[in-house]
Amino acid sequence: MFTDTNWVQSRSSISLAVIVGLIVALFGSPIIGQLNLLDRFSTSPTGSLLLNSAIMWFLVVAVLAIVLFWEKRSVTSIGLEMLSRRQAGVGVAGGVGGLALGLLATGIVVAAFNLDQPETLSAINELPLLVKLVIVGTAVITEELLWRGYPIERLTEITGSLWIGAATSFVVFLAVHYPEWGLVGAIPQTVFTLALVGVYIRTRNVVACIITHTIINVVMVLVLPAVI
């Protein structure tokens, strides 16, 4: 996606912008979480989840502002571009395959150890449909920009290794989500995150990851709770 010239220029001229961008993208959510805003401004599970969605959009706007006005680069530099048919196909395959493997692994572990579903999922199941749609729509877009597109591309530029960028994205994403989902939630999350990172490595297109994430979240949040 980038020429050697772009890579050298990015390292020499926008290193501070990239550092700030990486902090916002990878760690903005847990940092804001330390401010206890959800406890201060929300008195219900619905309010907390909607406020969290608003925070995620704020972080995305911040990252896009860094890219456009501080780094002075295009959003294509973080994988946000038009989708080809092949990339769309990879996104769909990643969603279906990741979902199947994630559910299989979770079913085996839950049956073996008689575990309960995460409290976060139980809370989401009780929400009105419109609120669920807002939460799903927010997650599939904001999480892919914050934990896939921006950090993978920038860390790849900094280190010269796509795999370092992908591994960092994978580890940080799981670490940030573990407190909310716990051990049971970590099992499918690990499989789903592998699928999402794999789709990004294959396509270098964040929209393909959004497709993958949408398939996974729609089934996990909207479909399965209605049939189980």
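What follows is calculated from the coordinates using simple rules that are stated; it is not laboratory data. Remember, predicted model here, so these are calculated numbers, not experimental data. Please note: Cβ atoms are built from the backbone with ideal geometry, for glycine as well, and neighbour counts cover all protein chains shown.
Things worth noting here:
- Cβ-derived FRET efficiency at R0 35 Å, Ser15 paired with Ala105, nearest 0.05: 0.30
- Within the shell of other residues whose beta carbon sits under 15 angstrom from the beta carbon of Arg86, the net charge comes to +2, with Lys and Arg scored +1 and Asp and Glu -1.
- Sorting 198-206, 47-55, 79-87 by their mean Cβ neighbour count within 10 Å, with the most densely packed peptide first, gives 198-206, 47-55, 79-87.
- Using the Stokes-Einstein relation with a Kirkwood hydrodynamic radius computed over Cα pairs, the translational diffusion coefficient of the range 4-227 at 20 °C and a viscosity of 1.002 mPa s comes to 118 µm²/s.
- Cα Rg, Dmax, the range 125-228, angstrom units: 14.2, 46
- Environment charge of Thr168, counting only residues whose C-beta is closer than 12 Å and scoring Lys/Arg +1, Asp/Glu -1: +1
- Charge tally for Ala208 (other residues, Cβ to Cβ under 13 Å; Lys, Arg +1; Asp, Glu -1): +3.
- The range 122-228: GluC sites (Glu not before Pro) in DSSP coil with no more than 14 other Cβ atoms inside 10 Å: Glu126
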